[in-house]
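Only one structure is covered here, and it is reproduced in the block below.
The values are calculated or read from the model by the stated rules, or taken from the named source; none is laboratory data. Predicted model, so just to flag it, every value in this text is computed and none were measured. Backbone-built Cβ (ideal geometry, glycine too); neighbour counts: all protein chains shown. Side chains are part of the model used for accessible areas, which takes the heavy atoms of the whole protein and leaves out ligands, DNA and RNA. Shrake-Rupley method; radii C 1.70, N 1.55, O 1.52, S 1.80 Å.
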Amino acid sequence: MADPLVFLAEHNHEQVESYFDRATGLRAWIAIHNTKLGPALGGARLWKYASQQDALLDVLRLSEGMTYKAAAAGLPHGGGKTVILADGQEHDPAIRAARFHALGRFINELGGRYITAEDVGTTAADMVEIRQSTRFVMGMPVEKGGGGDPSQMTAFGVLCGIKALAEDVLERENLAGVRVAIQGLGKVGMALAEYLMEAGAVVIGSDVRPEVVEAVKIRLKMQTVDTEAIYDVPCDIFAPCAMGAILNDQTIPRLTCRIIAGSANNQLAEERHGHMLRELGIVYAVDYVINAGGLINVSSEWTGYNKEQAHAKTANIYHTIKRMLALSREQGISTQSAAEQMALEALGEERALAS
């Protein structure tokens, strides 16, 4: 595992704060990576981390990814993130509400440099609690003028990207018969599975929760495999839709796919793994490019939510993926380097990129 302090020094974060609220027991990190294009935007993730070091490294990686995601999507925002250390007490509704009130106070102290929203482990209802303490929160329920759960829009954006990849890499005019292995059947993974099956794709899924797997078998009649076996499934497209760092030295050699395209953030364990995929002839749809639909949906709330506009902007992920693939071919670089180049151009920055 990378040293978070070394990572912090090398990745140009603007601000990182650690928070502890004695009254509620809230423990959280907030990282602001970049505000050049506008206030940092990124969700609040609630997760059971093994250590404070793990939580810090995660918030640093995630906030940087949000900078590139917003830039590549053409949004007027920078990148930020919150991670909240789960301890089990958040299952008590009163404690949970109090902790999100406290988090709202901490966010408010940042004076608008950072705007939060929902993420893994948090809900639109949690955002309502945060709103009690600050206006710098999005991802509100529809009935309160927000865009609601952004999972559906994230899945739609991934679908648009997959269509572009299928045309370019598989030379397929549609997704009929294309085999897709989805890792993680949470809100986004499940929605993506439904979109793909409607388009005629053959979908194989896995999830760490047995009850979810059983429900999928009954409702969608989808083939499923054990969580570890998903890497070995013969498929055209591997879609990581769970947690990050799953593309590594152990898993990459097991993949049989030609394309990796999923909604998970920070899919690469290390930067070099993106170049490793290229050497193996696997096209990587860089996570922060293809999974930007949720961020686009949330961002649109800042000026007044319009579902049609958010949907149209998310559909443009198809063209962003096409541009990334063309740049990768023209310059002989990995899609990872092509995506970073696109984001840096939007940020008005330059950096020497590896091939």
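In a simple Cβ point-charge model (Lys, Arg +1; Asp, Glu -1; nothing else charged), the chain has a dipole of about 560 debye relative to its Cα centre.
Only one item in (i) 30, 23, 20; (ii) 31, 28, 18; (iii) 65, 25, 18 matches semi-axes √(5λ) of the Cα gyration tensor in Å derived from the coordinates shown, and that item is (i).
Residues in the stretch 177-184 carry Karplus couplings, in order, of x, 5, 8, 10, 9, 9, 9, x Hz; the curve used is 6.51 cos²θ - 1.76 cosθ + 1.60 with θ = phi - 60°, and Gly or Pro positions show x.
At a Förster radius of 30 Å, what calculated FRET efficiency corresponds to the Cβ-Cβ distance of PHE7 and VAL208, to the nearest 0.05? If you can, show how the numbers build up before the last one.
Numbers: r = 27 Å, r/R0 = 0.89.
After rounding to 0.05, the efficiency reads 0.65.
In this structure the amide hydrogen of ILE204, modeled in the peptide plane, comes within under 5 Å of the amide hydrogens of VAL180, ALA181, ILE182, none closer than 5 places in sequence on its chain. Secondary-structure-derived ellipticity at 222 nm for the chain, considering helices only, amounts to -13000 deg cm²/dmol, per-run term -39500 (n - 2.57) for DSSP H runs with n ≥ 4. Fraction of C-alpha pairs exceeding 27 angstrom in the stretch 121-271: 28 percent, rounded to a whole number.
Taking a probe of 1.4 Å, how large is the accessible area per residue of the chain, in Å²? Per residue, the chain has an accessible area of 42 Å². If only the Cβ of Lys and Arg carry +1 and only the Cβ of Asp and Glu carry -1, the dipole of the stretch 59-185 around its Cα centre is close to 300 debye. Sorted on the mean count of surrounding Cβ atoms within 10 Å across their residues, most packed first, peptides 219-228, 242-251 read 242-251, 219-228. Note on the chain: GNM, Cα springs under 10 Å; of ALA72, ALA98, ALA181, the largest mean-square fluctuation is that of ALA98.
For ILE84, the solvent-accessible surface with a 1.4 Å probe is about 10 Å², rounded to the nearest 10. Between VAL283 and ILE259, ILE260, the built amide H atoms are under 5 Å apart, and every one of these is 5 or more places off in sequence or on another chain. Ordered by 1.4 Å accessible area with all protein chains kept, THR123, THR320 run largest first as THR123, THR320.
How big is the antiparallel share of DSSP beta bridges in the chain, given as a percent to the nearest 5? Walk me through the numbers before you get to the answer.
Numbers: 13 of 39 bridges.
Looking only at bridges with both residues in the chain, the antiparallel portion is about 35 percent.
Could you work out how far the C-alpha centroid of the stretch 272-294 sits from that of the stretch 79-134, in angstrom? Here the two parts' Cα centres lie 30 Å apart.
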